[in-house]
Each structure stands twice: as structure tokens, then as C-alpha cells.
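Input: a single structure, listed below in C-alpha cells.
No value in this document is a laboratory result; all are computed from the given coordinates. What you see is a predicted model; the values in this text were computed from it and never measured. Note that each Cβ is placed from the backbone with ideal geometry, even for glycine, and that neighbours are counted across all protein chains shown.
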Amino acid sequence: MTEAVVSVIVVSHNTREDLLRGLGSLGDVTLPLEVVVVDNASGDGSADAVEQRFPHVRVLRNAQNVGFARANNRGLFETRAPFVLLLNSDAELRPGCLETLLRILQERPRLGIVAPRTIEADGAVQVSFGPELTPWREWRQGRLVVGVKRRQPAALKTAAEAAAREHEPAWVSASCLLARREAIAAVGGFDEAYFLYEEDVDLCRRVRQAGWGVLFTPAAEAVHHLGRSVARDPERARFEYNRSHIRYYARHNGRLASGALRVYVGATAAAGWIAGVGPGPERAARRRSCLRLIALAARGNER
């Protein structure tokens, strides 16, 4: 049996159909692979479906949803190939994507991570890379992300132009990236204190600090059905985003920026609680979520 060159790690939580489609996209890859699905206690039969349809794929079942970072680390620990493809369960490779990414890493030994251009199902380019997370840069990036989501022509043009050139951004999205195992091992993998969101930004920062390069290339392409996995529980997703955001700022951006972010999160949550006053279970759920965010902002970096 040919030894695997790339370990493919897919973390899944209740994304059965997307997961099966994404795994199917690996069928055209010409490289020897070992493929692992780390299932975060899905209740939709995802793990069983993968074992039935893709018997060559190893399924690691977590007893509970341990989050994206910790699940990926389990996949990293239980695989051995020198290169690692991290692929979201709602993403799929375009033909030649993985081969192109691998060739780039093999030709440029100083690179630790390379990521492809990711697009929506309708062909719109996603904002899957970016600068250091600072308040001003995030504001500009946020405007671009919202504009792309709303399909504003100016935003779509800006995103497409940025994604048309190869460059080294501060971070690339872990929805689809190929990494040199040596580079990830050098920084200890993902920081498991991040449950969801910004664990990839943190990883890329630490990889760069360790002396490796992080590259975005339009020469390879993947489709990412953005947000499918979090759409089932938007309030939980919003809380985890803010928790990760506060953690990242506390670790990397200093007390002033971290404190300002906490004030902003708390004030926004307080305004949301007021807007949620009234009868009905949805409003009650929103108020509970806002109270959690207010408590989070008061505590700061809790993990």
C-alpha cells in the first residue's frame, strides 16, 4: 500500500449532506491520501453515513462537541502524513486544487501554510484571508465581508481583485488550507481554548512567528458553502465568535484594545437585550444570549 502524502482532516457537526459531498470531491485527487473525519457528536447520522459510503475514511467519534480546534488537534494527533489538508465539512475541492497546493509547498520550503481561493456556489469570491486583527483593519474587513454577503458590486469587485493575486496575508481561513505538518507541530497545533472562530487566525500568527510563511494562491480553488454548520444555532455561534474575539485580543492586541473590545461587546449585548424585551420564546432566547455576552465581556478572557 502506498504511503499517504497528505492527511485530510474534516471536522463535522451535524452537516451530513455537506460532509458527504465534500468527501466525494476528494475522489478525483491523484495523490495518496489518508482521510479522517472527526465527528463532534453529530445527531444526524453523519458518522454512520461516512462509514457506509466511504469505507476507506477513518471516523473518529467524539462523545461531545469539543469544538473546531480541539477536534482538529485530535485529527492531527492520529494521522502521520507530512502534509495536512484541513477541510471544512461544508467545503469541497475543485479539480487539481490539492495537487496545486502540495506542489507549492514542496517547491517553497519556507512556507508552512498555503490556502486556495474559496468561492460560493454561485461563483462569488469569499473573503478567506486578511490582515492582522486590529480595530481599524477589522472594521474595513467587516465592511467588505458584509458587502460581499449582500452582493454589492463594489465589494464583489474589491474581493475578486484581492483574490486574483498570490500574496502572503496575516492569516488564511482553515475552511481549506494545506499545511506542512512540521510547521503545525512546531507551534503545538491549534489553541484548544478557541471553541469556534479565529483559531485559524491565531494558528497562522503563531506559525509566522515561528519563522514559516503563510501564502494565499488563486492558482487553486475550493467551494465553501459558508455558514451551513453554524446556521442551525446562530445564538451559540454569535456567543462563540465574541468569546474567541475577546480571547484573541487579550492574547495578541494589548490591554487597551482588549478593554475597548470588551466594552463594545458588552454595550452591543445590552442594546440587544433591550431590543429583545417582549413576549415570545425567540425574544426570551435572545435576552438570555445577550446576558451571557454581557457576563463574558465583564469577565474578559475566561479560558
Enumerate the amide H contacts of residue 6 below 5 Å, restricted to partners 5 or more residues apart or on another chain; note that Pro and chain-start residues carry no placed amide H. 34
Work from the charge dipole of segment 6-224 (Cβ charges, +1 for Lys and Arg, -1 for Asp and Glu, about the Cα centre) and give the residue of 121, 8, 220 farthest towards its positive end. 220
Hey, what's the per residue convex hull volume over the C-alpha atoms of the chain, in cubic angstrom? 138
In degrees between 0 and 90, to the nearest 10, how far off the longest principal axis of the chain does helix 135-149 point, with axes built from Cα atoms? 70
If you take the alpha carbon radius of gyration of segment 119-251 and divide it by 2.2 N^0.38 Å, what ratio comes out, to two decimals? 1.06
Name all residues of segment 184-214 having a backbone nitrogen under 11 Å from the label point set 7 Å from the Cα of residue 108 along its Cα→Cβ direction, giving them as ranges. 213-214
Given 6-13, 44-51, the highest-first ranking by average Cβ count within 10 Å works out to 6-13, 44-51
Computed over the Cα atoms of segment 234-299, what is the ratio Rg over Rh, Rh following Kirkwood? 1.03
Phi-based couplings in Hz for segment 36-47 (Karplus 6.51, -1.76, 1.60; Gly and Pro marked x): 10, 9, 9, 8, 8, 6, 5, x, 10, x, 4, 4
In nanometres, the difference between 0.36 nm per residue of separation and the alpha-carbon distance of residue 124 and residue 291 is 56.5 nm
Per DSSP helix of 4 or more residues, -39500 (n - 2.57); summed, then divided by the residues of the chain. What does that give at 222 nm, rounded to the nearest 500? -14500 deg cm²/dmol
Along each principal axis of its Cα atoms, how long is segment 4-46 end to end? Whole angstroms, biggest number first, please. 32, 16, 10
For the residue pair residue 268 and residue 160, what label-to-label distance in nm results when each label sits 7 Å from Cα along the Cα-to-beta-carbon direction? 2.9
Would you please calculate the Kirkwood hydrodynamic radius of segment 34-193 over all C-alpha pairs and express it in Å, rounded to one decimal? 17.5
Cα axis of helix 68-77 to longest principal axis of the chain: angle in degrees, 0 to 90, nearest 10? 30
Measuring from the longest principal axis of the C-alpha atoms of the chain, the long axis of helix 97-107 (C-alpha) lies at a number of degrees, nearest 10, equal to 80
